[in-house]
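The structure under discussion appears below in the form of structure tokens.
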Amino acid sequence: MPTTAAAGPAAAEALTPAATAILDVAEKLAQTKGYNGFSYADIAVQLGVTKASLHYHFPSKAELGAALIERYKVVFGKALDSIDARTVEPFKKLRLYVGLYDSVMRDDRMCLCGMLAAEYATLPKPMQDGLKSFFEANERWLSGILKHGARSGDFRFKESANERARVLLGALEGAMLVARSYGDPDRFRAAAACLLADLRAER
């Protein structure tokens, strides 16, 4: 996924530099340690500020978490728009989509929402709702690409495009988690290559 630099629950320009810096640090911590693996104290140490200054921008960790997800969703949506602008070929779009995940692994991180989903039961409801919104947006985009590919003859699959989109998204997120366990991004790349190849296996 692209690095999120300045988007959020409000328009990007509405975020102060201090709030953006807080979100940047919190995002990296969440992508590497999980939501329950860091505290405001960790952010304060990295930024060299007081915890009180963090609470000024984000009164609670739950509000910070919701802002992280919303910002990630906005920036990721822009990345999908960029893919749509780069090519009309369904298979190339999926390769570029996989590339978003691969770029995060190269930075020794996880997809923010995939990482948070592992802690879903312990998250505040606004964060849970934000995660569902992120994944549903991805499934809709993937479903559209799969439908296009099926019509053009590029893809072959027996289930509905919506079902295959869910399988593809879940498999990519899961492949990231397993690859991270081994510290081996090539495991993710191999799994992703198989998922894409399966779409064209019957051509």
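Taking every residue in the range 119-146 that is at positive phi and pairing it with any residue that is surrounded by 14 or more Cβ atoms within 10 Å (Cβ to Cβ) and of a type in the set (Val, Ile, Thr), at least 6 positions away or on another chain, yields no pair with a Cβ-Cβ distance below 6 Å. Identify the residue in the range 154-197 that is within 17 Å of Pro90 (Cα to Cα), touching a residue at least 40 places away in the same chain (Cβ under 8 Å) and not aliphatic (A, V, I, L, M) and, among all such residues, is surrounded by the fewest Cβ atoms within 10 Å (Cβ to Cβ). For the range 154-197, the residue satisfying everything is Arg156.
Candidates in the range 57-107 are the residues that are assigned to a helix (DSSP H, G or I) and among the β-branched types (Val, Ile, Thr); of these, the one that is farthest from the chain's Cα centre (by Cα) is Ile83.
Yes/no matrix, rows are residues, columns are (1) out of contact with any helix residue (DSSP H, G or I) (no Cβ under 7 Å at 6 or more places or on another chain); (2) of a type in the set (D, E, K, R):
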position	(1), (2)
Ala44	no, no
Gly48	yes, no
Tyr56	yes, no
Tyr72	no, no
Leu80	no, no
Val88	yes, no
Lys92	yes, yes
Gly99	yes, no
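Restricting attention to the range 38-85, the residues being in contact with a Leu (Cβ under 7 Å, 6 or more places away or on another chain) and without any contact (Cβ under 8 Å) to a residue 40 or more places away in the chain number 7.
Looking only at residues of the range 20-56 that are of a type in the set (Ser, Thr, Tyr) and not in a helix (DSSP H, G or I), we find that the one that is surrounded by the most Cβ atoms within 10 Å (Cβ to Cβ) is Ser39. Within the range 136-164, the set of residues being among the small types (Gly, Ala, Ser), more than 20 Å from Arg86 (Cβ to Cβ) and part of a helix (DSSP H, G or I) comprises Ala150, Ala161.
Set side by side, the residues Ala18, Ala5 differ, and just one is small (Gly, Ala, Ser) and at pLDDT 90 or above, which is Ala18.
The values are calculated or read from the model by the stated rules, or taken from the named source; none is laboratory data. Just so it is clear, the model here is predicted, and its values are computed rather than measured. Cβ atoms come from the backbone with ideal geometry, glycine included; neighbour counts cover every protein chain shown.
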